[in-house]
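Student: A single structure is presented below for examination.
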Amino acid sequence: MTSFFTSRLFLISLVCVVVAATLPLYVSGYILGLLTVAFYFGVFAMAWDLLFGFAGEVNFGPTFLIGTGAYTAGILNNQYGWSVYVCILLGALASVVAGFVLALPALRVRGPYFGLTTLVAVLMLQNFVVVFADLTGGEIGLTIPDVITINAGANYWIALGFMTASAAILYGLSQSPVGLVLQASGQDPVQAGALGFNIVKHKLAAFIVSAFFSGLSGALLVFYFGTASVGTVVDVAVGVNVIVSAVLGGRRTVLGAALGAIFLIVAGEFLRPTGELATFIVSAVALLVVLFFPGGFLGAALSREARS
Amino acid sequence: MLALQILIDGFAISALYALGATGFTLIFGVSGVLNLSHGAIMVAAAVAAWAAASVLHLDIYTGALFGVGVALIMAFATYFAVVKPIQNSRRIPNEEKEIFVLTGTLLWGIMIQELIAYFFTNNAKTVLPIVEGVVDIFGNRTPRNNIFTALVCCLVIGLLWLLVNRTRTGKAVLAASMNPRGVTLLGLELTQIYIVVWGIYGILAGIAGVLLGMFLGVSSYSVGPLTASAFSIVVLGGLGSVSGSLIAAFVVGYLETITAYMISPAYRTIPALLLLVFVMYIRPQGLLGRR
């Protein structure tokens with residue numbers, strides 16, 4: 001463990017976080033707002049990477065977990081006016097339950113079959129939101145009366161702190177023996193089982209951890225936006241962004257996923273003047289990375305370091 | 001009378017679903033590729049047919065042919081620009097190629113969708129139907145276009161069956177879906193078979209897209225739902241099984257129509273999704289799938 005604290009990766013991450021933490025002192029609220037959203041997205045992508053990169057489960061429905069957490073927190077606050085923190089915590093717990101539900105088919109079906117099941121889960125959630133419009137606000141969106149704070153700097157620090165803590169926990173988990181067992185069971189479940197590891201238990205744990213962070217981040221995001229809508233936390237397109245972020249940043253790196261998410265959101269904003277072509281350009285860049293640098297940003301950097 | 005109306009309406013939409021899903025499942029069966037740009041290719045075909053008629057002022061038949069041609073080109077572009085480089089890449093480990101093809105074709109589909117939205121806006125477009133008017137079937141006024149759609153779908157699927165089972169090329173395709181290595185040992189070039197399959201896929205997706213444009217109309221927003229519906233029909237029927245997809249297409253088509261008529265159009269897709277989840281639990285390989 002001591003070797004980790006002196007490793008180059010740790011030092012670079014530390015410098016990045018320290019620099020990022022000082023940003024509110026000299027950049028505008030607009031950039032802070034952008035980065036706040038990007039940081040929450042980073043957590044989505046890291047949680048997804050834990051499931052896909054390590055447990056080997058193609059989850060097309062990260063927004064099922066995110067949306068469940070976000071809407072549970074939002075509805076509790078809207079209907080009962082419970083305190084923000086209680087709502088966020090309950091949102092994350094609801095998401096854990098959702099992760100459990102999602103894990104059940106994953107233990108039975110694999111590959112594209114599981115991918116479709118997760119996609120269906122998102123479509124069901126979307127239908128649920130639209131059908132129970134009285135409760136969820138339907139297609140217009142759910143108004144959330146409370147916010148954590150309206151100070152842009154404070155919101156930014158909360159998001160940064162949350163992302164850093166999540167990154168530390170998820171990265172630590174991925175490098176721990178548990179992460180190795182997960183990786184083994186993702187690549188060859190039969191052999192990993194033959195070595196005496198309980199695959200079901202490990203995969204279930206991966207789903208629960210992934211769901212917890214997705215839900216927590218989703219709940220925090222709606223309290224930042226002040227609204228929850230299908231377009232921001234449930235839509236398949238949001239899930240696609242999460243997946244693209246993780247693949248772009250480098251699968252199986254956890255930290256790369258966060259970088260990918262920040263890149264995706266910031267690039268989308270920079271390309272705003274190009275209007276409707278922005279999504280086209282971002283997808284094209286992502287496709288090129290997938291084709292020519294399949295390891296992603298961090299994957300390429302890490303393999304170079306490993307070689308030297 | 002409601003039952004008859006459901007029977008007639010459901011048949012057209014089911015036949016259309018079947019046609020759309022057949023190409024999708026054929027590609028999976030032969031080359032193991034799940035093409036997530038499927039919806040985008042269908043919409044591109046429909047929009048091309050629409051543009052040929054209303055921008056270039058071509059007649060309806062040429063427009064429809066133009067749409068199918070665009071889908072064919074798109075299918076080849078998908079194969080050569082996205083799928084083939086990933087399959088041949090040395091930097092991607094073999095067991096991860098599947099997810100890379102999924103991600104790659106997904107991004108490719110988004111690119112096509114955005115280009116369509118950029119050049120032709122997001123508005124829904126309806127291709128002028130080849131046949132117009134309505135006929136009376138036992139007291140049910142049915143647009144002739146419905147019957148035309150159903151007939152064309154059945155005809156094309158029938159032709160596909162003949163092609164696969166009765167011609168040399170078709171038999172090679174079938175053999176490749178059963179055992180790719182065996183086919184190479186018999187001296188057939190696997191790459192050529194893949195090109196043929198993508199060609200067939202492009203034509204099928206193109207016809208399905210143009211018919212969909214005449215039947216319901218399309219917009220760039222239909223890309224996602226179209227891919228999702230083809231995906232779920234194909235999984236329900238069993239990945240790679242063409243006859244399974246045909247059955248599944250009719251099950252989903254009728255389930256949706258019955259829900260729309262008996263309960264509410266707003267709940268249209270829900271029972272089919274529930275059925276899908278249910279089937280995944282009790283029979284994960286789908287109705288006729290082999291694992």
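Student: Specify the residue that is farthest from the other protein chains (Cβ to nearest Cβ); the eligible residues are those in segment A:172-193 that are hydrophobic (A, V, I, L, M, F, W, C), touching a His at 6+ places or on another chain (Cβ under 9 Å) and within 16 Å of A:Leu107 (Cβ to Cβ).
Tutor: A:Val181
Student: Under 6 Å between Cβ atoms, at least 6 apart or on separate chains: pull out the pairs that start in segment B:268-291 with a residue that is at the interface with chain A (Cβ under 10 Å from one of its Cβ atoms) and touching a residue at least 40 places away in the same chain (Cβ under 8 Å) and end on any residue that is among the acidic types (Asp, Glu) and crowded, with 17+ Cβ neighbours inside 10 Å.
Tutor: Going by the 6 Å Cβ cut-off, the qualifying pairs are B:Ala272/B:Glu256.
Student: Can you name the residue in segment A:286-301 that is out of contact with any Phe, Trp or Tyr (no Cβ under 9 Å at 6 or more places or on another chain) and at the interface with chain B (Cβ under 9 Å from one of its Cβ atoms) and is also modelled with the lowest pLDDT among such residues?
Tutor: Of everything passing the filter in segment A:286-301, A:Gly295 is modelled with the lowest pLDDT.
Student: OK, next. Are any residues in segment A:25-44 farther than 25 Å from A:Phe213 by Cα and in a helix (DSSP H, G or I), and if so, which ones?
Tutor: If the condition is that a residue be farther than 25 Å from A:Phe213 by Cα and in a helix (DSSP H, G or I), then A:Leu25, A:Gly29, A:Tyr30 are the ones that fit.
Student: Another one. So which residues in segment A:43-82 are under 23 Å from A:Arg108 (Cβ atoms), at pLDDT below 90 and of a type in the set (S, T, N, Q), if there are any at all?
Tutor: A:Asn59
Student: Only one residue in B:Ile99, B:Ile130 is under 18 Å from B:Gly209 (Cβ atoms), over 20 Å from the mean Cα position of the chain (by Cα) and surrounded by 17 or more Cβ atoms within 10 Å (Cβ to Cβ), so which one is that?
Tutor: B:Ile130
Student: Additional query: Identify, please: which residue in segment B:94-108 is more than 9 Å from every other protein chain (Cβ to nearest Cβ) and touching a helix residue (DSSP H, G or I) at 6+ places or on another chain (Cβ under 9 Å) and is, among those, farthest from A:Phe280 (Cα to Cα)?
Tutor: It comes out as B:Lys97.
Student: Restricting attention to helices (runs of 4 or more DSSP H) lying wholly within segment B:37-147, give those where 2 or more residues are touching a Leu at 6+ places or on another chain (Cβ under 6 Å).
Tutor: Per the criteria, B:38-54, B:97-120.
Student: Follow-up. Filter segment A:45-62 down to the residues that are over 9 Å from the mean Cα position of the chain (by Cα) and part of a helix (DSSP H, G or I), then identify the one that is nearest to A:Asp188 (Cα to Cα).
Tutor: For segment A:45-62, the residue satisfying everything is A:Phe54.
Student: Determine which member of the set A:Val285, A:Val266, A:Val240, A:Val244 is crowded, with 24+ Cβ neighbours inside 10 Å and part of a helix (DSSP H, G or I).
Tutor: A:Val244
Student: Take segment A:99-146 and flag every residue that is touching a residue at least 40 places away in the same chain (Cβ under 8 Å) and small (Gly, Ala, Ser).
Tutor: Passing the criteria: A:Gly99, A:Ala103, A:Ala106, A:Gly111, A:Gly115, A:Ala121, A:Gly137, A:Gly141.
Student: So, A:Phe223, is that one within 18 Å of A:Phe162 (Cα to Cα), away from every other protein chain (no Cβ under 14 Å), in a helix (DSSP H, G or I) and among the aromatic types (Phe, Trp, Tyr) or not?
Tutor: Working: within 18 Å of A:Phe162 (Cα to Cα): yes; away from every other protein chain (no Cβ under 14 Å): yes; in a helix (DSSP H, G or I): yes; among the aromatic types (Phe, Trp, Tyr): yes.
Yes, satisfied.
Table: residues versus (1) β-branched (Val, Ile, Thr); (2) touching a strand residue (DSSP E or B) at 6+ places or on another chain (Cβ under 7 Å); (3) without any contact (Cβ under 8 Å) to a residue 24 or more places away in the chain.
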| residue | (1), (2), (3) |
| --- | --- |
| A:Ser13 | no, no, no |
| A:Val19 | yes, no, yes |
| A:Leu25 | no, no, yes |
| A:Leu51 | no, no, no |
| A:Ala73 | no, no, no |
| A:Asn77 | no, no, no |
| A:Val86 | yes, no, yes |
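Student: Looking at A:Leu277, A:Leu298, can you tell me which residue is surrounded by 20 or more Cβ atoms within 10 Å (Cβ to Cβ), more than 14 Å from the chain's Cα centre (by Cα) and at negative phi?
Tutor: Just a single option satisfies the conditions, and that option is A:Leu298.
Student: Mind counting the residues in segment A:96-136 that are closer than 14 Å to A:Val234 by Cα, within 11 Å of chain B (Cβ to nearest Cβ) and of a type in the set (Ser, Thr, Tyr)?
Tutor: So the count comes out to 1.
The values are calculated or read from the model by the stated rules, or taken from the named source; none is laboratory data. None of the values given here were measured: they were computed from a predicted structure. Glycine gets a Cβ as well: all are built from the backbone with ideal geometry, and neighbour counts include every protein chain shown.
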